[in-house]
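Step one of this worksheet: look at the structure below.
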Amino acid sequence: MGKCSCKSNAAADTIIEVKSCGCKSKNKKKPLLLVSNPIDAMQITKLISETIEVNVEEIEKQHQVVRVDELPNATYILRLEKKDVTFRSGQYFSLNIPGDIQARHYSIYSGENNETLDFLIKEVDDGIVSVKLHHLKPGDKVLIEGPWGHFRVKPNDVESKKFLFIASGTGISPFHSFIKSHPNLDYKLIHGVRNGSDRYEMEEYPKERYVACTSRDKSGDFYGRVTDYLKANPVEQGTLCYLCGNNQMIEDAISILQSQGIKGSDIYTEIFF
């Protein structure tokens, strides 16, 4: 352990078990160790090595909260320090509070070149993780793992294809990441929400590219569900269609798109919740 060590008197030729206490050596930036129950001496080297490796890895996955931006209807954007994390737009991460066993998956909201890792999150009724994350303060830590997923735009398509993004609620997250990562995308974004207050950061999108479909009032760009919009506005064949949101919306939208001649190979989906 370099210049850092923990010692304990042992009885009957046994060595006392070591456990991480979460502290760090000034020289090695690795966890210091506590002692507890006796174990066989032959296990000590392996135990120390594994304890250090696991705890350092967990510490490195902890990211400080930069801020939490409040949005209407119990929705918020959690912004974390990026460190050296890399990802592809459309992927997702697992988030939880260090020490908690509960974790949830969230699609990345920020662009690949943004200075922070951003996640668009809505508090779920009786939710655990979404509530805890909402109440974090700048400087608090979040444990993240990932990225995972293959819901991505292909590099060869970015400059040559037309895209239709279809989202419900916070299912807009990967599309926001697509658009921020690839400014030259030729796209239209159809966003299904209950009312106009759920148009998360609508100013981020050019007016001609964003359509809010509101199902509860007429405060959006189109009154009705995204499926109603698709029926009224047939999609041009050859358009690459990406869908993210609840399962029923995706199933209904796929049926409509295929009835309009969109090939199955041009439809990509991510069931968000």
Residue list for segment 201-211, filter: modelled with pLDDT of 95 or more and touching a His at 6+ places or on another chain (Cβ under 9 Å): Tyr205, Tyr210, Val211
The listed residue being under 17 Å from the mean Cα position of the chain (by Cα) and under 21 Å from Asp252 (Cα atoms), out of Thr227, Thr170, Thr116, Thr214: Thr170
Pairs under 7 Å by beta carbon, first residue under 15 Å from Asn96 (Cβ atoms) and in the same structural domain as Tyr109 (by TED's automatic domain parsing) in segment 51-79, partner in a helix (DSSP H, G or I) and at pLDDT 95 or above, six or more apart or different chains? Leu78/Leu133
Would you mind stating whether Leu133 is of a type in the set (A, V, I, L, M), farther than 18 Å from Phe178 by Cα and surrounded by 12 or more Cβ atoms within 10 Å (Cβ to Cβ)? yes
Within segment 178-225, work out how many residues are of a type outside the set (Phe, Trp, Tyr) and either on the phi > 0 side of the Ramachandran plot or assigned to a loop (DSSP other than H, G, I, E, B) (or both). 18
Please determine whether any residue of segment 165-178 is touching a Pro at 6+ places or on another chain (Cβ under 9 Å) and closer than 24 Å to Glu112 by Cα. yes
I need every pair where a residue in segment 224-241 that is exposed (fewer than 14 other Cβ atoms within 10 Å of the Cβ) has its Cβ under 7 Å from the Cβ of a residue that is part of a loop (DSSP other than H, G, I, E, B), sequence separation at least 6 or different chains. Pro234/Gln260; Gln237/Gly261; Gln237/Ile262
Considering only residues that are surrounded by fewer than 19 Cβ atoms within 10 Å (Cβ to Cβ) and over 18 Å from Gln91 (Cα atoms), which ones fall in segment 257-273? Gln258, Ser259, Gln260, Gly261, Lys263, Gly264, Ser265, Asp266
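The values are calculated or read from the model by the stated rules, or taken from the named source; none is laboratory data. Remember, predicted model here, so these are calculated numbers, not experimental data. Cβ atoms come from the backbone with ideal geometry, glycine included; neighbour counts cover every protein chain shown.
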